[in-house]
Amino acid sequence: MARRIMHIDLDAFFVSVEQRENPELKGKPVVVGGRPHGRGVVASASYEARAFGLHAGMPLVTASRLCPQAIFIEGSFPKYRDASERFMTIVADFSPYVEPLGLDEAYLDVTGFESIYGSIHQMAVKIKQRIKDELGLCASVGIASCKIVAKVASELSKPDGLLEIAAGNERSFLAPLPVAKLPGIGRKTERILNGLGINTIEKLSIMSLGALKSHFGAFGEVLHRFARGVDDREVEPPAATKSISRETTFGKDSRDHPRLKATLHYLGERVGAELRQRDKQARCIILKLRYADFTTITRRHTLSQTTDSDQTIFDTGVKLLDKALSQERQPVRLIGTGVSNLVESGRQLDMLDSSARRREELNRAIDRIRNKYGFTAIQTGRTLLLKDLFPETGEGYSLQTPSLSR
Ligand code: TTP
Ligand code: MG
(Lines give C-alpha, C1' and ligand atoms only; values in the text may rest on other atoms or scores of the structure.)
(Ligands and ions follow the chains in the order given, each with its own letter.)
Protein backbone atom coordinates (compact mmCIF):
# COMPACT_ATOMS: atom_id res chain seq x y z
CA MET A 1 0.00 0.00 0.00
CA ALA A 2 1.29 3.50 -0.82
CA ARG A 3 2.39 5.26 2.34
CA ARG A 4 0.63 8.34 3.70
CA ILE A 5 2.71 10.52 5.96
CA MET A 6 1.50 13.54 7.86
CA HIS A 7 3.70 16.37 9.12
CA ILE A 8 2.20 18.64 11.77
CA ASP A 9 3.83 21.86 12.95
CA LEU A 10 2.38 24.46 15.31
CA ASP A 11 2.22 28.00 13.95
CA ALA A 12 4.47 30.64 15.56
CA PHE A 13 4.60 28.32 18.55
CA PHE A 14 6.16 30.39 21.37
CA VAL A 15 4.34 33.53 20.26
CA SER A 16 0.99 31.72 19.99
CA VAL A 17 1.30 30.42 23.55
CA GLU A 18 1.87 34.01 24.71
CA GLN A 19 -1.07 35.28 22.65
CA ARG A 20 -3.33 32.61 24.08
CA GLU A 21 -2.56 33.88 27.57
CA ASN A 22 -2.74 37.53 26.72
CA PRO A 23 -5.34 38.16 24.01
CA GLU A 24 -4.17 41.76 23.71
CA LEU A 25 -1.19 40.38 21.80
CA LYS A 26 -3.39 38.82 19.13
CA GLY A 27 -3.15 40.24 15.62
CA LYS A 28 -0.04 42.25 16.50
CA PRO A 29 3.62 41.97 15.60
CA VAL A 30 5.00 39.98 18.53
CA VAL A 31 8.45 38.52 19.04
CA VAL A 32 9.57 36.02 21.66
CA GLY A 33 13.30 36.08 22.32
CA GLY A 34 14.18 38.82 24.74
CA ARG A 35 14.49 42.55 25.14
CA PRO A 36 14.63 44.48 21.85
CA HIS A 37 18.06 45.89 22.55
CA GLY A 38 19.48 42.74 24.07
CA ARG A 39 22.07 40.62 22.34
CA GLY A 40 19.72 37.71 21.70
CA VAL A 41 17.93 36.61 18.55
CA VAL A 42 14.30 36.12 17.59
CA ALA A 43 13.09 32.66 18.67
CA SER A 44 9.57 33.04 17.31
CA ALA A 45 7.83 35.83 15.41
CA SER A 46 4.10 36.29 14.86
CA TYR A 47 2.94 36.30 11.25
CA GLU A 48 2.20 40.03 11.61
CA ALA A 49 5.86 40.54 12.57
CA ARG A 50 7.00 38.40 9.66
CA ALA A 51 5.30 40.82 7.30
CA PHE A 52 8.05 43.25 8.34
CA GLY A 53 10.74 40.72 7.43
CA LEU A 54 11.28 39.42 10.95
CA HIS A 55 12.19 35.75 11.32
CA ALA A 56 13.68 33.26 13.77
CA GLY A 57 17.39 33.69 14.24
CA MET A 58 17.41 37.42 13.40
CA PRO A 59 19.24 39.56 15.99
CA LEU A 60 16.72 41.36 18.19
CA VAL A 61 18.41 44.66 17.44
CA THR A 62 17.74 44.21 13.73
CA ALA A 63 14.18 43.10 14.45
CA SER A 64 13.41 46.22 16.48
CA ARG A 65 14.89 48.42 13.76
CA LEU A 66 12.76 46.77 11.03
CA CYS A 67 9.63 46.79 13.17
CA PRO A 68 9.86 49.31 16.03
CA GLN A 69 6.23 48.76 17.02
CA ALA A 70 6.80 45.03 17.64
CA ILE A 71 6.10 43.77 21.16
CA PHE A 72 9.11 41.89 22.55
CA ILE A 73 8.60 39.16 25.11
CA GLU A 74 11.30 37.26 26.93
CA GLY A 75 9.24 34.10 27.09
CA SER A 76 9.19 31.31 29.62
CA PHE A 77 10.24 27.85 28.64
CA PRO A 78 8.23 25.71 31.12
CA LYS A 79 5.02 27.02 29.55
CA TYR A 80 6.17 25.98 26.09
CA ARG A 81 7.31 22.60 27.32
CA ASP A 82 3.91 22.03 28.88
CA ALA A 83 2.10 23.00 25.67
CA SER A 84 4.47 20.78 23.71
CA GLU A 85 3.70 17.76 25.90
CA ARG A 86 -0.01 18.31 25.51
CA PHE A 87 0.40 18.69 21.74
CA MET A 88 2.26 15.37 21.52
CA THR A 89 -0.39 13.67 23.67
CA ILE A 90 -3.18 14.81 21.34
CA VAL A 91 -1.28 13.68 18.27
CA ALA A 92 -0.59 10.28 19.84
CA ASP A 93 -4.34 9.72 20.14
CA PHE A 94 -4.54 9.57 16.35
CA SER A 95 -1.75 7.19 15.42
CA PRO A 96 0.61 4.86 17.27
CA TYR A 97 3.28 5.78 14.71
CA VAL A 98 4.35 9.22 15.86
CA GLU A 99 7.82 10.69 15.58
CA PRO A 100 8.09 13.90 17.60
CA LEU A 101 10.59 16.45 16.32
CA GLY A 102 11.65 19.24 18.61
CA LEU A 103 8.85 20.87 20.57
CA ASP A 104 6.17 21.67 18.04
CA GLU A 105 6.50 19.21 15.19
CA ALA A 106 5.65 15.59 14.58
CA TYR A 107 5.50 13.09 11.74
CA LEU A 108 2.69 10.55 11.73
CA ASP A 109 2.46 7.46 9.60
CA VAL A 110 -1.24 7.40 8.74
CA THR A 111 -1.17 4.75 6.02
CA GLY A 112 -4.55 3.05 5.90
CA PHE A 113 -6.21 5.42 8.37
CA GLU A 114 -8.73 6.68 5.81
CA SER A 115 -10.89 3.71 6.75
CA ILE A 116 -11.25 5.20 10.26
CA TYR A 117 -11.68 8.88 9.44
CA GLY A 118 -13.25 8.80 5.97
CA SER A 119 -10.14 10.35 4.47
CA ILE A 120 -6.69 11.42 5.61
CA HIS A 121 -7.81 14.98 4.95
CA GLN A 122 -10.69 14.53 7.41
CA MET A 123 -8.28 13.04 9.92
CA ALA A 124 -6.08 16.13 9.64
CA VAL A 125 -9.10 18.40 10.10
CA LYS A 126 -9.95 16.54 13.33
CA ILE A 127 -6.39 16.80 14.64
CA LYS A 128 -6.27 20.53 13.91
CA GLN A 129 -9.61 21.00 15.63
CA ARG A 130 -8.54 19.20 18.79
CA ILE A 131 -5.34 21.25 18.97
CA LYS A 132 -7.42 24.39 18.62
CA ASP A 133 -10.05 23.35 21.17
CA GLU A 134 -7.75 21.90 23.78
CA LEU A 135 -4.61 23.98 23.38
CA GLY A 136 -5.91 27.17 21.79
CA LEU A 137 -3.20 26.87 19.15
CA CYS A 138 -3.12 26.59 15.37
CA ALA A 139 -1.33 23.78 13.60
CA SER A 140 -0.46 23.39 9.94
CA VAL A 141 -0.53 19.96 8.36
CA GLY A 142 1.12 18.52 5.26
CA ILE A 143 0.15 15.11 3.89
CA ALA A 144 2.15 13.22 1.28
CA SER A 145 3.68 9.86 0.45
CA CYS A 146 6.96 10.66 2.22
CA LYS A 147 8.40 12.78 5.00
CA ILE A 148 10.20 15.39 2.95
CA VAL A 149 7.19 16.27 0.80
CA ALA A 150 4.83 16.27 3.81
CA LYS A 151 7.14 18.67 5.61
CA VAL A 152 7.44 21.07 2.69
CA ALA A 153 3.65 20.92 2.29
CA SER A 154 2.94 21.85 5.93
CA GLU A 155 5.46 24.67 5.76
CA LEU A 156 3.94 26.01 2.55
CA SER A 157 0.40 25.85 3.92
CA LYS A 158 1.14 28.01 6.98
CA PRO A 159 -0.51 29.54 8.91
CA ASP A 160 -3.49 27.38 9.92
CA GLY A 161 -2.97 25.36 6.76
CA LEU A 162 -3.72 21.92 5.43
CA LEU A 163 -2.18 20.74 2.19
CA GLU A 164 -2.33 17.26 0.74
CA ILE A 165 -0.11 16.20 -2.15
CA ALA A 166 -1.57 13.34 -4.15
CA ALA A 167 0.62 10.33 -4.83
CA GLY A 168 2.47 10.88 -8.08
CA ASN A 169 2.55 14.67 -7.75
CA GLU A 170 5.51 14.87 -5.36
CA ARG A 171 8.05 16.02 -7.91
CA SER A 172 5.83 18.50 -9.70
CA PHE A 173 4.77 19.99 -6.36
CA LEU A 174 8.37 20.66 -5.34
CA ALA A 175 9.61 21.72 -8.79
CA PRO A 176 8.79 25.47 -8.81
CA LEU A 177 9.91 26.14 -5.24
CA PRO A 178 13.19 27.89 -4.44
CA VAL A 179 15.89 25.44 -3.31
CA ALA A 180 15.93 26.93 0.20
CA LYS A 181 12.46 25.44 0.78
CA LEU A 182 13.96 21.96 0.82
CA PRO A 183 14.69 20.94 4.43
CA GLY A 184 18.41 20.39 4.88
CA ILE A 185 19.39 23.18 2.53
CA GLY A 186 20.87 25.86 4.72
CA ARG A 187 22.35 29.21 3.80
CA LYS A 188 25.66 27.75 2.69
CA THR A 189 24.22 25.07 0.39
CA GLU A 190 21.79 27.61 -1.00
CA ARG A 191 24.64 29.98 -1.84
CA ILE A 192 26.64 27.27 -3.61
CA LEU A 193 23.60 26.14 -5.60
CA ASN A 194 22.66 29.67 -6.56
CA GLY A 195 26.27 30.20 -7.64
CA LEU A 196 25.80 27.25 -10.02
CA GLY A 197 22.63 28.83 -11.40
CA ILE A 198 20.39 26.41 -9.50
CA ASN A 199 17.54 28.44 -7.99
CA THR A 200 14.58 26.09 -8.08
CA ILE A 201 14.08 22.55 -6.87
CA GLU A 202 13.29 21.59 -10.46
CA LYS A 203 16.76 22.63 -11.57
CA LEU A 204 18.24 20.79 -8.60
CA SER A 205 16.28 17.67 -9.55
CA ILE A 206 17.84 17.51 -13.00
CA MET A 207 21.42 17.99 -11.82
CA SER A 208 23.39 14.79 -12.27
CA LEU A 209 24.09 12.69 -9.21
CA GLY A 210 27.81 12.90 -10.01
CA ALA A 211 27.78 16.71 -10.04
CA LEU A 212 25.86 16.85 -6.76
CA LYS A 213 28.26 14.41 -5.11
CA SER A 214 31.27 16.34 -6.32
CA HIS A 215 29.93 19.49 -4.69
CA PHE A 216 28.31 18.08 -1.55
CA GLY A 217 29.76 14.60 -0.98
CA ALA A 218 27.33 12.07 0.52
CA PHE A 219 24.77 14.85 1.12
CA GLY A 220 24.63 15.19 -2.70
CA GLU A 221 22.84 11.82 -2.89
CA VAL A 222 20.27 12.97 -0.37
CA LEU A 223 19.68 16.18 -2.33
CA HIS A 224 19.27 14.16 -5.49
CA ARG A 225 16.50 12.05 -3.97
CA PHE A 226 14.76 14.81 -2.03
CA ALA A 227 14.65 17.15 -5.04
CA ARG A 228 12.69 14.50 -6.92
CA GLY A 229 10.33 13.98 -3.98
CA VAL A 230 11.88 10.62 -3.11
CA ASP A 231 12.38 9.87 0.58
CA ASP A 232 12.04 6.38 2.00
CA ARG A 233 12.81 7.28 5.62
CA GLU A 234 10.35 5.69 8.02
CA VAL A 235 8.40 7.49 10.71
CA GLU A 236 10.36 6.39 13.74
CA PRO A 237 8.68 6.47 17.15
CA PRO A 238 11.18 7.29 19.92
CA ALA A 239 13.29 4.37 21.03
CA ALA A 240 11.42 2.15 23.45
CA THR A 241 12.38 2.17 27.12
CA LYS A 242 15.35 -0.09 27.58
CA SER A 243 15.29 -0.43 31.35
CA ILE A 244 13.31 0.60 34.43
CA SER A 245 14.94 1.25 37.78
CA ARG A 246 14.46 2.88 41.17
CA GLU A 247 17.05 3.76 43.77
CA THR A 248 17.30 5.54 47.07
CA THR A 249 20.08 6.99 49.21
CA PHE A 250 19.87 6.31 52.95
CA GLY A 251 19.95 9.18 55.40
CA LYS A 252 22.59 7.20 57.22
CA ASP A 253 24.79 4.47 55.70
CA SER A 254 23.51 1.04 56.67
CA ARG A 255 24.45 -2.62 56.74
CA ASP A 256 21.26 -3.61 58.52
CA HIS A 257 20.09 -6.59 56.49
CA PRO A 258 16.32 -6.40 57.18
CA ARG A 259 16.37 -2.73 56.35
CA LEU A 260 18.27 -3.25 53.11
CA LYS A 261 15.89 -6.05 52.14
CA ALA A 262 12.79 -4.02 52.98
CA THR A 263 14.08 -1.12 50.89
CA LEU A 264 14.83 -3.47 48.04
CA HIS A 265 11.30 -4.82 48.26
CA TYR A 266 9.79 -1.36 48.18
CA LEU A 267 11.90 -0.30 45.19
CA GLY A 268 11.24 -3.62 43.44
CA GLU A 269 7.48 -3.10 43.78
CA ARG A 270 7.81 0.29 42.14
CA VAL A 271 9.81 -1.22 39.30
CA GLY A 272 7.30 -4.07 38.93
CA ALA A 273 4.35 -1.68 38.88
CA GLU A 274 5.91 0.39 36.11
CA LEU A 275 6.84 -2.74 34.18
CA ARG A 276 3.23 -3.94 34.26
CA GLN A 277 1.89 -0.51 33.49
CA ARG A 278 4.02 -0.46 30.35
CA ASP A 279 2.88 -3.97 29.52
CA LYS A 280 6.41 -5.26 29.48
CA GLN A 281 8.29 -8.25 30.84
CA ALA A 282 11.96 -8.30 31.76
CA ARG A 283 14.62 -10.93 31.44
CA CYS A 284 17.36 -9.25 33.45
CA ILE A 285 17.23 -8.09 37.08
CA ILE A 286 19.70 -5.46 38.28
CA LEU A 287 21.01 -4.51 41.70
CA LYS A 288 22.94 -1.32 42.30
CA LEU A 289 24.84 -0.52 45.48
CA ARG A 290 26.91 2.46 46.44
CA TYR A 291 29.10 1.94 49.48
CA ALA A 292 30.14 4.48 52.07
CA ASP A 293 33.31 5.36 50.13
CA PHE A 294 31.18 5.98 47.00
CA THR A 295 32.35 2.87 45.21
CA THR A 296 29.37 1.90 43.08
CA ILE A 297 28.67 -1.60 41.81
CA THR A 298 26.01 -2.97 39.48
CA ARG A 299 25.15 -6.67 39.44
CA ARG A 300 22.89 -8.39 36.94
CA HIS A 301 21.12 -11.69 36.82
CA THR A 302 19.54 -13.07 33.67
CA LEU A 303 16.44 -15.17 34.23
CA SER A 304 15.56 -18.23 32.24
CA GLN A 305 12.04 -16.81 31.73
CA THR A 306 10.84 -13.24 31.40
CA THR A 307 8.94 -11.80 34.35
CA ASP A 308 6.90 -8.84 35.55
CA SER A 309 6.44 -10.16 39.06
CA ASP A 310 7.43 -8.11 42.13
CA GLN A 311 8.33 -11.32 43.88
CA THR A 312 10.81 -12.45 41.23
CA ILE A 313 12.37 -8.99 41.04
CA PHE A 314 12.73 -9.01 44.82
CA ASP A 315 13.98 -12.59 45.19
CA THR A 316 16.59 -12.09 42.50
CA GLY A 317 17.59 -8.73 43.97
CA VAL A 318 18.10 -10.29 47.41
CA LYS A 319 20.33 -13.02 45.98
CA LEU A 320 22.46 -10.39 44.26
CA LEU A 321 22.48 -8.33 47.46
CA ASP A 322 23.60 -11.21 49.67
CA LYS A 323 26.39 -12.09 47.30
CA ALA A 324 27.57 -8.50 47.03
CA LEU A 325 27.51 -7.98 50.81
CA SER A 326 29.52 -11.16 51.35
CA GLN A 327 32.28 -9.60 49.26
CA GLU A 328 32.29 -6.14 50.85
CA ARG A 329 32.38 -5.00 54.46
CA GLN A 330 31.47 -1.34 54.08
CA PRO A 331 28.01 -0.02 54.91
CA VAL A 332 25.67 0.85 52.06
CA ARG A 333 24.95 4.43 51.09
CA LEU A 334 22.60 3.86 48.16
CA ILE A 335 20.57 0.89 47.01
CA GLY A 336 18.74 0.46 43.74
CA THR A 337 17.03 -2.21 41.73
CA GLY A 338 15.92 -2.41 38.15
CA VAL A 339 15.07 -4.54 35.17
CA SER A 340 16.35 -4.61 31.60
CA ASN A 341 16.10 -6.70 28.42
CA LEU A 342 12.44 -5.78 28.17
CA VAL A 343 9.96 -7.42 25.83
CA GLU A 344 6.30 -6.73 25.13
CA SER A 345 4.37 -8.72 27.64
CA GLY A 346 1.74 -10.38 25.40
CA ARG A 347 0.87 -12.23 28.59
CA GLN A 348 -1.56 -15.08 28.64
CA LEU A 349 -2.77 -15.84 32.11
CA ASP A 350 -3.89 -19.32 31.13
CA MET A 351 -0.37 -20.37 30.37
CA LEU A 352 0.87 -19.72 33.88
CA ASP A 353 0.73 -22.36 36.56
CA SER A 354 -1.74 -21.69 39.34
CA SER A 355 0.61 -20.17 41.94
CA ALA A 356 2.30 -17.92 39.37
CA ARG A 357 -1.14 -16.98 38.19
CA ARG A 358 -2.35 -16.13 41.69
CA ARG A 359 0.69 -13.97 42.19
CA GLU A 360 0.10 -12.26 38.88
CA GLU A 361 -3.51 -11.55 39.73
CA LEU A 362 -2.50 -10.21 43.12
CA ASN A 363 0.07 -7.90 41.56
CA ARG A 364 -2.55 -6.58 39.19
CA ALA A 365 -5.08 -6.05 41.97
CA ILE A 366 -2.48 -4.09 43.94
CA ASP A 367 -1.66 -2.04 40.85
CA ARG A 368 -5.32 -1.16 40.40
CA ILE A 369 -5.69 0.04 43.98
CA ARG A 370 -2.45 1.98 43.75
CA ASN A 371 -3.48 3.59 40.49
CA LYS A 372 -6.64 4.75 42.20
CA TYR A 373 -5.41 5.74 45.65
CA GLY A 374 -1.65 6.26 45.23
CA PHE A 375 1.32 3.99 45.51
CA THR A 376 1.46 3.99 49.30
CA ALA A 377 -2.20 3.07 49.75
CA ILE A 378 -1.01 -0.51 50.07
CA GLN A 379 2.08 -1.81 51.70
CA THR A 380 3.10 -5.36 51.32
CA GLY A 381 4.33 -7.12 54.47
CA ARG A 382 7.99 -6.67 53.82
CA THR A 383 7.88 -2.95 53.21
CA LEU A 384 5.98 -2.19 56.44
CA LEU A 385 9.35 -1.95 58.09
CA LEU A 386 10.02 1.07 55.97
CA LYS A 387 7.65 3.32 57.87
CA ASP A 388 10.54 5.06 59.50
CA LEU A 389 12.49 5.15 56.25
CA PHE A 390 9.67 6.65 54.26
CA PRO A 391 7.31 8.23 56.78
CA GLU A 392 4.70 8.93 54.13
CA THR A 393 4.12 5.18 53.82
CA GLY A 394 2.62 5.29 57.30
CA GLU A 395 -0.78 6.19 55.88
CA GLY A 396 -3.24 3.99 54.17
CA TYR A 397 -3.97 0.33 54.71
CA SER A 398 -1.49 -2.37 54.97
CA LEU A 399 -1.96 -5.58 53.15
CA GLN A 400 -0.08 -8.55 54.44
CA THR A 401 0.67 -10.79 51.57
CA PRO A 402 0.95 -14.35 52.86
CA SER A 403 0.23 -15.66 49.40
CA LEU A 404 3.47 -14.09 48.30
CA SER A 405 5.61 -16.03 50.72
CA ARG A 406 6.21 -19.55 49.65
P1 TTP B 1 9.39 26.64 14.39
O2 TTP B 1 8.29 25.65 14.18
O3 TTP B 1 10.54 26.62 13.43
O4 TTP B 1 8.82 28.12 14.35
P5 TTP B 1 7.42 28.69 14.86
O6 TTP B 1 6.56 27.62 15.39
O7 TTP B 1 7.69 29.85 15.74
O8 TTP B 1 6.80 29.27 13.52
P9 TTP B 1 6.15 28.47 12.28
O10 TTP B 1 4.76 28.96 12.19
O11 TTP B 1 6.98 28.87 11.09
O12 TTP B 1 6.26 27.01 12.58
O13 TTP B 1 9.98 26.48 15.83
C14 TTP B 1 9.17 26.16 16.95
C15 TTP B 1 9.59 26.92 18.17
O16 TTP B 1 10.96 26.64 18.46
C17 TTP B 1 9.52 28.43 17.99
O18 TTP B 1 8.24 28.94 18.33
C19 TTP B 1 10.58 28.91 18.93
C20 TTP B 1 11.61 27.82 18.96
N21 TTP B 1 12.75 28.20 18.13
C22 TTP B 1 13.84 28.81 18.75
O23 TTP B 1 13.87 28.98 19.97
N24 TTP B 1 14.88 29.21 17.97
C25 TTP B 1 14.90 29.05 16.61
O26 TTP B 1 15.87 29.43 15.95
C27 TTP B 1 13.77 28.41 15.99
C28 TTP B 1 13.74 28.20 14.50
C29 TTP B 1 12.73 28.01 16.79
MG1 MG C 1 6.21 25.82 14.32
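Here are a few things to note about the model shown:
- Between Arg65 and Tyr117, the simple label model (points 7 Å from Cα in the Cβ direction) yields a spacing of 4.5 nm.
- In this view, the solvent-accessible surface of Val332, computed with a 1.4 Å probe and all protein chains in place, comes to about 0 Å².
- List Val30, Val230, ordered by accessible area with a 1.4 Å probe, largest first: Val230, Val30
- Working from label points 7 Å from Cα in the Cα-to-Cβ sense, the Glu234 to Arg283 distance is 2.0 nm.
- Evaluated with a Cβ-only charge set (Lys, Arg +1; Asp, Glu -1), the chain carries a dipole of roughly 920 debye about its Cα centre, given to the nearest 20.
- Ranked order, Arg130, Arg65 - accessible area, probe 1.4 Å, largest first: Arg65, Arg130
- Rolling a 1.4 Å probe over the protein chains gives Thr62 an accessible area of about 40 Å².
- Take the chain with all the other protein chains still there, run a 1.4 Å probe, and you get 51 Å² of accessible area per residue.
- Pairwise FRET efficiency - Ile206 versus Lys28, Cβ, R0 = 35 Å, nearest 0.05: 0.20
- The orientation-averaged projected area of the convex hull spanned by the Cα atoms of the stretch 212-275 comes to 9.0 nm².
- Descending Cα extents along the principal axes, the stretch 229-324, whole Å: 65, 30, 21
- Proximal aspartates and glutamates to Lys288, defined as alpha-carbon separation beneath 14 angstrom and excluding residues fewer than eight positions away on the same chain: Glu247, Asp322, Glu328
- Rg over Rh for the chain works out to 1.09, both radii taken from alpha-carbon positions and Rh defined as the Kirkwood radius.
- Portion, in percent, of the accessible area of the stretch 132-268 that falls on carbon or sulfur, probe 1.4 Å: 50 percent
- Taking a straight Cα-Cα cut-off under 17 Å and skipping sequence neighbours fewer than 8 places away in the same chain, the aspartates and glutamates within cross-link reach of Lys203 are Glu170, Glu190, Glu221.
- Potential extension, Lys188-His37 segment - 0.36 nm per residue separation minus Cα distance: 51.6 nm
- Solvent accessible area, Å² - Asp104, 1.4 Å probe, full protein context: 30 Å²
- Cross-link partners of Lys79 among lysines (Cα-Cα below 22 Å; sequence separation of 8 or more within a chain): Lys26, Lys28, Lys128, Lys132
- Local electrostatic count at Thr62 - Lys and Arg +1, Asp and Glu -1, tallied over other residues with Cβ under 15 Å: +4
- Distance between the 7 Å Cα→Cβ label points at Tyr373 and Val125: 4.8 nm.
- Between 0 and 90 degrees, the angle of helix 120-135 with respect to the longest Cα principal axis of the chain falls at about 70 degrees.
- For the chain, the 222 nm mean residue ellipticity estimated from helices alone, with every DSSP H stretch of n ≥ 4 adding -39500 (n - 2.57) and the total spread over all residues, rounds to -12000 deg cm²/dmol.
The values are calculated or read from the model by the stated rules, or taken from the named source; none is laboratory data. What you see is a predicted model; the values in this text were computed from it and never measured. As a convention, Cβ positions derive from the backbone with ideal geometry for all residues, glycine included, and neighbour counts pool all protein chains shown. Just the protein is used for accessible areas: all its heavy atoms, side chains included, with ligands, DNA and RNA removed. Shrake-Rupley method; radii C 1.70, N 1.55, O 1.52, S 1.80 Å.
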